[in-house]
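The values are calculated or read from the model by the stated rules, or taken from the named source; none is laboratory data. These numbers come from a predicted model, not from an experiment. Neighbour counts are summed over all protein chains in view; Cβ atoms, including those assigned to glycine, are modelled from backbone coordinates with ideal geometry. Ligands, DNA and RNA are stripped out before the accessible areas are found, and what is left, the full protein with its side chains, is counted by its heavy atoms. Shrake-Rupley method; radii C 1.70, N 1.55, O 1.52, S 1.80 Å.
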Amino acid sequence: MAETKMGESSRPLFIPVILGTVRKGRMSEPAARLVHAELARRRGVETELIDIATLPLRVDDAGEATKMPTYAAYMDRADALVVVSPEYNHGYSGLLKHVLDSCLKEYIHKAVGIVGVSAGPWGGARTIENLLPVMRELGLVTIFWDVNVPNVNTVFDESGTLLDQAFLRRIDKFLKELVWMAKTLRHGREHVALE
Ligand SMILES: Cc1cc2nc3c(=O)[nH]c(=O)nc-3n(C[C@H](O)[C@H](O)[C@H](O)COP(=O)(O)O)c2cc1C
């Protein structure tokens, strides 16, 4: 692995964005596309938008028995994840959880940041809080910044265009922290033994 003088790997970070709902007309989609576009603009980062609606998801079993090769390969390659999660009855989408549960060892010691999306005023705060213990159990390391998208119909118009530019600053702060954690954990995975 090539390294800089500071001991940092020179390989670009791979940070996919998971769009965590299959609902028709989902407003989480413009949020996921925006974060994906902002990640793609960052130097030293490669990204991919993973739409769970397009995954060949099996619903006749659960956990690693439902592992999907393409999704698992993305998770294996990932240094960090962004999960875009709508708030459904104060929780997350069941299908998002089903997809997340399909892998395990692929997530360990990798960073995750969560974007919560809601029609109501709390910006998916409850879906984020409910996802935190799930992320921990999967071996992911959560960052201390989230992106909250409240009243999502006022943040994006019907064509998915961003109406409130303040989100760009919030996303930038969130991604800076996620990239720092991704680099730090990659250094740990590559150089620090588990003793
Ligand atoms: C089953 C269901 C439950 C929902 N529960 C909540 C909720 O608890 N709080 C809230 O603010 N919005 C709730 N919403 C609205 C979503 O947050 C809203 O649709 C938002 O755009 C994010 O979801 P979407 O990506 O499916 O559009 C709910 C929507 C559905 C379909």
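How many residues are among the hydrophobic types (A, V, I, L, M, F, W, C), more than 15 Å from the ligand (Cβ to nearest atom) and open to solvent by less than 30 Å² (accessible area, probe 1.4 Å) when one looks only at region 127-142? Of the residues in region 127-142, 4 are among the hydrophobic types (A, V, I, L, M, F, W, C), more than 15 Å from the ligand (Cβ to nearest atom) and open to solvent by less than 30 Å² (accessible area, probe 1.4 Å). Each residue in region 51-68 was checked for being of a type in the set (A, V, I, L, M, F, W, C), over 14 Å from the mean Cα position of the chain (by Cα) and open to solvent by less than 10 Å² (accessible area, probe 1.4 Å), and 1 pass.
Among the residues of region 69-94, those that are away from the ligand (no atom under 11 Å from the Cβ) and either under 15 Å from the mean Cα position of the chain (by Cα) or closer than 15 Å to Ile114 by Cα (or both) comprise Tyr71, Ala72, Tyr74, Met75, Asp76, Arg77, Ala78, Asp79, Ala80, Leu81, Val82, Val83. Starting from residues that are open to solvent by 30 Å² or more (accessible area, probe 1.4 Å) and of a type in the set (A, V, I, L, M), keep the ones in region 163-184 and report whichever is nearest to Val115 (Cα to Cα). Going through the qualifying residues, I end up with Leu168. Going through (1) open to solvent by 30 Å² or more (accessible area, probe 1.4 Å); (2) within 16 Å of the ligand (Cβ to nearest atom) one by one, Trp145 falls short only on (2). State which residue is nearest to the ligand (Cβ to nearest atom) when the search covers only region 148-157 and only residues that are surrounded by 17 or more Cβ atoms within 10 Å (Cβ to Cβ) and not in a loop (DSSP other than H, G, I, E, B). Once the filter is applied, the top-ranked residue is Val152.
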